[in-house]
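Here is the structure we will look at.
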Amino acid sequence: MGLFSRFRTSNTLYFPGCVTYFKFNENFELYKKVFSKLRINFKVINKKICCGLPAFEAGYEVEARKLARKNFEIFKEEGIQEIITACPGCYKMFLQDYPEMLPDWDIEVKNLWEIILDKLENKPRLIKYKAMEMVTYHDSCYLSRYCGIYDAPRKILELIGYEIKEMPDSKENSMCCGGCGGLIRTNPELANEIAKQRLLQAKRMGINKIIVNSLIDYLLLNKNAEEFDMKVLKFSEILSKALGIKIKKEEIKEELTEEEQLVLNTEANVQLEEELKEEDYDEMEA
């Protein structure tokens, strides 16, 4: 990135999201390498911050609003003016929900997939490896129906050598895989059944590889993929490979244990709850 790049400061925050940070930390590191390779300027905050989507989806709107306010204060303290995130849920939360929750929200949420696409289109020499195989792509509900992002991820995949065969329900009519809305937590059996139906769609087309952007979708689909002889690929890993970035061959558990699920869903909110109790106590004292 040049001799003086290490001394640059950025006002663009890379926000990984809870699942990436806690469960797939390797993906957190991979995206940082991708951004560096593509000359995407960014900074990270060394604090365990949840965007608040799990609490918001579970009906804890007051807590989600307080968490949003606290995050906004942290972002301001760090001089953040823009946010990029590869997590579809976090992207939707920052882009659509934070502006409604926070009247003074003034941080621009950038479309990371358009940024990556632009970099690859303008500098195709950055692509070191082309896959040259047929796959299908699963649209994350948060990224597609909520935010209207359909084409950029597909164009990126095509640029790095993939031929995409669309499933019967895709893009605007995409079928949910069962990973959204907290269904994995509230009704895991139903979530698994929906995931199996999605995998069956791909299987019936003669496809044995499906690429996903959301790591929650990856966890759910990959958990059920074996019986369909299907391979679920993470967007981050295939993009890294295309750019010639070496991926450490570390063992990654594919399923969340009950304890890990609780950590991912509540760890960021536990600290908030304690702080809110302290605030309430301070108000009582006053």
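We did not get these values from a lab; they are worked out from the coordinates using the rules stated. Everything quoted here is computed from the prediction, not taken from an experiment. Every residue, glycine as well, gets a Cβ built from its backbone with ideal geometry; the counts of neighbours run over all protein chains shown.
Annotations for the structure displayed:
- Per-q log10 I(q)/I(0), the range 9-113, q = 0.24 Å⁻¹ (Debye; single scatterer per alpha-carbon; no solvent): -1.50
- Only Lys, Arg, Asp and Glu carry charge here, each on its Cβ (+1 for the first two, -1 for the last two); on that basis the range 31-105 has a dipole of about 560 debye about its Cα centre.
- Checked against a 28 Å cut-off, the cross-linked pairs 23/209; 47/123; 92/119; 23/196 give Cα-Cα distances beyond that limit for 47/123.
- At 1.002 mPa s and 20 °C, Stokes diffusion of the range 116-242 via Kirkwood alpha-carbon radius, µm² per second: 144 µm²/s
- Within-11-Å neighbourhood charge of residue 106 [Cβ basis; K, R +1; D, E -1]: -2
- Projecting the Cα atoms of 152, 142, 91 onto the dipole axis of the range 31-159, where Lys and Arg carry +1 and Asp and Glu carry -1 at the beta carbon, places 152 farthest toward the positive end.
- Residues with amide H under 5 Å from that of residue 233, placed H, sequence gap 5 or more: 210, 211, 212
- Cut-off 12 Å between beta-carbons: net charge of the residues surrounding residue 228, Lys and Arg +1, Asp and Glu -1: +4
- Count Lys and Arg as plus one, Asp and Glu as minus one, and take only other residues whose Cβ is under 12 Å from that of residue 199; the net charge is then +2.
- Computed over the range 67-111, the ratio Rg/Rh where both radii use C-alpha atoms and Rh is Kirkwood: 0.92
- Rounded FRET efficiency, nearest 0.05, which uses the C-beta distance separating residue 190 from residue 126 and R0 of 30 Å: 0.10
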